[in-house]
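The values are calculated or read from the model by the stated rules, or taken from the named source; none is laboratory data. The model shown is predicted, which means the values in this text are computed figures rather than measured ones. Ideal geometry is used to build each Cβ from the backbone, glycine not excepted, and the neighbour counts take in all protein chains shown.
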Amino acid sequence: MANKLLLLGDEAIALGALDAGISGIYAYPGTPSTEITEFVQNSKSARERNVHCTWSSNEKTAMEAALGMSYAGKRAMVCMKHVGLNVAADPFINSAITGANGGLIVVSADDPSMHSSQNEQDSRFYGKFALVPILEPSNQQEAYDMVHYGFDFSEKYKIPVLLRITTRMAHSRSGVARIECREENDLHMPSDLRQFVLLPAIARKRYKELLGSHQHFIEESEISPFNTYYEGTDKSLGILVAGIALNYLKENYPGGKVPHPVLKIGQYPLPRKLVEKLLGECEEILIIEDGYPMIEEMIQGYIPCGKKIRGRFDGTIPRTGELNPNILARALGLTDTMGLPVPDLMVNRPPQLCAGCPHIDSYKALNEVMEELTKGRVFSDIGCYTLGALWPYEAINSCVDMGASITMAKGAADAGLVPAIAVIGDSTFTHSGITGLLDAVNDKSPLTVIILDNETTGMTGGQDSAAHGRLESICKGIGVEEEHIRVLKPLKKYHEENVKILKEEIAYLGVSVVIPRRECIVTVDKRMRQKFK
Amino acid sequence: MKKDIILAGVGGQGIISIASVIGYAALQEKMFLKQSEVHGMSQRGGDVMSNLRISHDEIASDLIPYGQADLIISVEPLESLRYLEYLSPGHGWLVTNTTPFNNIPNYPELEKVMAELNKLPHHIALDADLLAKEAGSARSANMVILGAASPFLGLAYEKFEDAIRFIFRSKGDAVIGKNLDALKLGRDFADKNI
């Protein structure tokens, strides 16, 4: 362990990317993926090499920029949380058709059990949908190694590779040994300059080529160092285990020695021959995967083996939520362990807005204005301010996806819910709010958009906000009338004045924008500590 | 030697610093380590916990199984009880601060929380905030707690001192000194109360 670095999974991926010779990393912050890009941003060698690492406005722009870097022949990585891949889905799916030139790895970080997310969707389905290879590490060392392997694979087959991790992999630390660093690629054009032109005639040809490559991907999976068949003597049960679930399986047997045959999957498409071997020699099959039962669904209809397949579908493993060693103990019929009961007096302690947070003053003002109206008119968005849904504010009525506050408020206003209010953060506004505001302006919707400008991307730890200092000019440029763009200072001493301005703009039957602006208390604190260190 | 440790507290109370000190000390002993952290939304004043596993043998799972933790180390009394299901009923120890962090409207009565703690066969409860102030550094309550937990971690006390010197090396001798004092006050309390 002494010669190893103690790294988060996210950090192992970032270091792997730097060592494998990336020329750029593109991302929008999102838990649990944020630390990948931050590691590159804080890396001295990345600075010396001038590796691109500033934040993108959203995951779609990030994915496209990474694809452009690949077009130019250099290695690129793009990182996002699982729901970010929804935003980037259009370029992601199409990048499988265009293929890559320089190596291209797309990292998507899933969040089973929704520690910090609005769903627990499984990014492997996107990889399968796009027909690209997927890598899924079981530990931090594999995460590092897979980045090297993934770039080789990407350049060998001219295909983007999806690296799928989960929160536990992203935010767990373990020892990682580095391997030899590689030079960055030189600038070089794609050999066919029509490769990236997805006109139907070209796209049809490229799609056939992708389908042709798929057979090679399966062959690669059969011999992949990340797909391992462990022989076992007790063949009453065969275990197919993916990614980090391997660790929970091993935890249940002394020394990690599982008596049953085990096929560990770290690379997709599934290695067909290895799967057939497991199905052939075992009486029953248990499938263990963090996320959705994707492999289980594939195996059910894969080979009509007539054998009992156990997993999330038959209730052997719970249908939702993150795996852990105890769930596996029960699935394997082993002795489960449990500590002491939690006393009845236990209460929840949900996260909340920090003391001194500007959003507190904004919500207090908004709540006072809304008291005169019926409840249920405030559409909100993804960020720290989503905590305004909880006690003591209970100020907002929706949180769906990045940017949905403005467009949902517009739709509700179209339906006759007037006034309708949208509450969105400055970074979320630049991520996906601008186009929605344009829709509202074009329709002259009776709508008030409150852009809570804390001058940072707060929830993920204070990353740069894309339109810092330009929010008013963006709104004006889209066509919001200048006299209906109002800036407030969310402080207790201005409460009465802020209430008055909000009332005026909510009464206006067109598009108005109110911008409460005060820096995030956490970034102020960080800045002051740096200053007086 | 293998120790499975649950670290508990409220977001922002510094449980990651405790994990860093233990982790550094374990790595100097050439032990394996796995540590699972909480980032993101919960850090905003919500309950947070971290799984820290150190062992001379390779470690499989990033998560500690329920009922198998050797130790719960908590910087807040209510939070120490939240993870009792992880604690080994036979030999597990619970070490906690008694100063509550009250940021919720329905925080239970402190006497009742303490009564639940006192039911546990193996526990150490100490006012780490008070002891930290005695050490001249109110911010070092987490190091007081670490000191109180140090007898149960299977590593020599000096290893934690070395780790503090390393982890806080950029902060100057005064900060190191205060943290070492805090560690000692916690250790002394534990030695008298085991």
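Of the helices (runs of 4 or more DSSP H) that lie entirely inside segment A:268-383, those containing 1 or more residues that are surrounded by fewer than 22 Cβ atoms within 10 Å (Cβ to Cβ) and within 13 Å of chain B (Cβ to nearest Cβ) span A:325-331, A:358-370.
One line per residue, one yes/no per condition, for (1) over 24 Å from residue A:124 (Cβ atoms); (2) of a type outside the set (S, T, N, Q); (3) touching a helix residue (DSSP H, G or I) at 6+ places or on another chain (Cβ under 8 Å); (4) at pLDDT 95 or above:
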{"residue": "A:217", "(1), (2), (3), (4)": "no, yes, yes, yes"}
{"residue": "A:223", "(1), (2), (3), (4)": "no, yes, no, yes"}
{"residue": "A:228", "(1), (2), (3), (4)": "no, no, no, yes"}
{"residue": "A:250", "(1), (2), (3), (4)": "no, yes, yes, yes"}
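Scanning segment A:177-208 for residues that are in contact (Cβ under 8 Å) with a residue 24 or more places away in the chain and part of a helix (DSSP H, G or I) gives A:203, A:206, A:207. Within segment A:408-432, take every residue that is within 22 Å of the chain's Cα centre (by Cα) and β-branched (Val, Ile, Thr) and give me the one that is surrounded by the most Cβ atoms within 10 Å (Cβ to Cβ). Across segment A:408-432, the extreme among qualifying residues is A:424. Note down all Cβ pairs under 6 Å where the first residue falls in segment B:48-67 and is more than 8 Å from chain A (Cβ to nearest Cβ) and touching a residue at least 40 places away in the same chain (Cβ under 8 Å), the second is surrounded by fewer than 19 Cβ atoms within 10 Å (Cβ to Cβ) and of a type in the set (A, V, I, L, M), and they're at least six residues apart or on different chains. Within 6 Å, the pairs are B:56/B:1. Within the bounds of segment A:341-348, is there any residue that is out of contact with any helix residue (DSSP H, G or I) (no Cβ under 9 Å at 6 or more places or on another chain) and of a type in the set (S, T, N, Q)? Yes, segment A:341-348 contains at least one residue that is out of contact with any helix residue (DSSP H, G or I) (no Cβ under 9 Å at 6 or more places or on another chain) and of a type in the set (S, T, N, Q).
Working carefully through the options A:301, A:266, A:306, find the one that is over 25 Å from residue A:129 (Cβ atoms) and among the small types (Gly, Ala, Ser). Outline the logic, then answer.
Working: A:301 fails: over 25 Å from residue A:129 (Cβ atoms); A:266 fails: over 25 Å from residue A:129 (Cβ atoms).
The conditions single out A:306.
Considering A:480, A:441, the condition of being surrounded by fewer than 20 Cβ atoms within 10 Å (Cβ to Cβ), assigned by TED's automatic domain parsing to the domain that holds residue A:377 and touching a residue at least 12 places away in the same chain (Cβ under 8 Å) is satisfied by A:441 alone. Counting only helices (runs of 4 or more DSSP H) that sit wholly inside segment A:1-78, those with at least 2 residues that are modelled with pLDDT of 95 or more and within 14 Å of another protein chain (Cβ to nearest Cβ) are A:9-19, A:34-41. Residues in segment A:195-219 that are crowded, with 19+ Cβ neighbours inside 10 Å and charged (D, E, K, R): A:206 only.
For every residue, the table says whether it meets (1) in contact with an Asp or Glu (Cβ under 7 Å, 6 or more places away or on another chain); (2) assigned to a helix (DSSP H, G or I); (3) at pLDDT below 95.
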| residue | (1), (2), (3) |
| --- | --- |
| A:422 | no, no, no |
| A:428 | yes, yes, no |
| A:433 | no, yes, no |
| A:436 | no, yes, no |
| A:465 | yes, no, yes |
| A:494 | no, yes, no |
| A:505 | no, yes, no |
| A:509 | no, no, no |
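The listed residues are A:316, A:337, A:320, and the only one of them that is within 16 Å of residue B:66 (Cβ to Cβ) and either at pLDDT 95 or above or not acidic (Asp, Glu) (or both) turns out to be A:337. Listed conditions (1) within 30 Å of residue A:241 (Cβ to Cβ); (2) among the basic types (Lys, Arg); (3) free of Cβ contacts under 8 Å to residues at least 24 places away in the same chain are all met by residue B:3, apart from (3). Whenever a residue of segment B:108-134 is within 14 Å of another protein chain (Cβ to nearest Cβ), its partners that are among the aromatic types (Phe, Trp, Tyr), lying with C-beta atoms within less than 9 angstrom and at least six residues away or across chains, give the pairs B:113/B:107; B:120/B:93; B:122/B:93; B:122/B:152; B:123/B:93.
Of the strands (runs of 3 or more DSSP E) contained entirely in segment B:3-93, those carrying at least 3 residues that are under 25 Å from residue B:167 (Cβ atoms) and out of contact with any Phe, Trp or Tyr (no Cβ under 8 Å at 6 or more places or on another chain) fall at B:32-36, B:47-55.
Out of the residues in segment A:238-252 meeting the condition of being part of a loop (DSSP other than H, G, I, E, B) and either within 9 Å of another protein chain (Cβ to nearest Cβ) or among the acidic types (Asp, Glu) (or both), tell me which one is nearest to residue A:312 (Cα to Cα).
Step one: filter segment A:238-252 for residues part of a loop (DSSP other than H, G, I, E, B), giving A:243-244, A:252.
Still in the list and also either within 9 Å of another protein chain (Cβ to nearest Cβ) or among the acidic types (Asp, Glu) (or both): A:244, A:252.
On the way: A:244: 16, A:252: 19 Å.
Looking at the filtered set, the residue picked out is A:244.
The set of residues from segment A:371-387 being touching a strand residue (DSSP E or B) at 6+ places or on another chain (Cβ under 7 Å), without any contact (Cβ under 8 Å) to a residue 60 or more places away in the chain and of a type outside the set (Lys, Arg) comprises A:378, A:379, A:380, A:381.
Got a sec? Which of A:67, A:15 is hydrophobic (A, V, I, L, M, F, W, C) and under 24 Å from residue A:172 (Cβ atoms)?
Values: A:67 fails: under 24 Å from residue A:172 (Cβ atoms).
Matching residue, one of A:67, A:15: A:15.
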